[in-house]
1. Cut-off is 10 Å between beta-carbons; in what order do Cys55, Cys65 appear when sorted fewest neighbours first?
2. On full extension of the chain, what length is gained from Asp119 through Glu25, given 0.36 nm per residue of separation minus the C-alpha to C-alpha distance?
3. For Pro18, what charge total do you get from the other residues with a beta carbon under 14 Å from its beta carbon, if Lys and Arg give +1 and Asp and Glu give -1?
4. Normalise the Debye intensity by I(0) for region 38-156, one equal point scatterer per Cα, no solvent, then take log10 at q = 0.15, 0.16 Å⁻¹ and round to two decimals.
5. Round to a whole angstrom and tell me the spacing of the C-alpha centers of region 134-161 and region 20-83.
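Derivation of every value follows stated rules applied to the coordinates shown; laboratory data play no part. Computed from a predicted model, the values in this text were never measured in an experiment. Positions of Cβ are generated from backbone atoms using ideal geometry, with glycine treated the same way; all protein chains shown enter the neighbour counts.
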Amino acid sequence: MGMAFSLGHNLSLEEAEPVLLKALELGCTFWDTAVVYAAGVNEKLLGDFIRKHNCRDKIFIASKCAFDCFGDGKVTNSASHIKEYIEGTIERLGFAPDLYYLHRIDPNTPLEESIPALDEIRKAGKTKYIGLSECSAKTLRKANSIAKIDAVQAEYSAFETLHESDGLIDTAKELGVAYVAYSPLGHGWLVDNFDYNSPDDFAPNDFRRTVPKFQGENFYKNKAIVEETTQIALAWVAAQGLIPIPGTTKVGRLEENWGCREVELTEGDFKEMRGIIDAAKPEVFGDCTDYGWTLGVHVHRIAS
């Protein structure tokens, strides 16, 4: 949830409250955060809201560690990092998260160290479930052989289908691992009335400035092929047995996104959408989010 991270303006509790209350009212209660989101500020914001409204039993909270956001910012999956960061997460939230991921895979730490550490905090009751984010299919399979992995989070949308071809989605389904699709609206490309006309329209600290699809000429080329698709795009992800987690700071957008649950796609719809997506692939410009954000390479590719 980008309430205090990534979209150019960090919301206070008072500013975030309307959209969080609406999410609670609608039943949209799978909330995703991470330590790196404004160095713990986002976790604390959600924890403060949940305490204020006494709604812990209604919310499923997922968080993540792996970025040393209180140090050099690099990715680390060491056992000591995992054990230290889960304690900070619990302190900021005010309770143990339901799901805890490794946010990115550290190629310098063996899975034989990091996965048992995740399993240890699960067994200790510091989280109910454990997961990986943006790993390779090979990494997921190996990790799951060490300890049961409950969820994998990775980018997926009609605008970014890398994980169809690299085997991650298929491997998750085979292993019974929930696939949580972040940026299911392509970081905003697939929303109705996308109201940015150039890369310069994003706030200086807007996360999308680092995403290749929004940079330079890629921005203008991609904007030209996007039409009004929000609810259909989300319904398409969900109908494949994946869990879309679109983010927003606006009540209107939240209600629009939630409306995807009323969309029923027929076999013909799927076939038509697949044709559109496949035809558009050569026209979509820019790599997926890992480029330019973590190490400048696909961490989930090299950590295998």
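1. On the way: Cys55 14, Cys65 26.
Sorted ascending by nearby Cβ count, the order is Cys55, Cys65.
2. Values: separation 94, 0.36 × 94 = 33.84 nm, distance 3.35 nm.
Taking Asp119 through Glu25 to full extension adds about 30.5 nm, to one decimal.
3. My count for the surroundings of Pro18 gives -1.
4. Scattering profile of region 38-156, log10 relative to I(0): -0.63, -0.72.
5. Spelled out, the Cα-based centre of one part sits 20 Å from the other.
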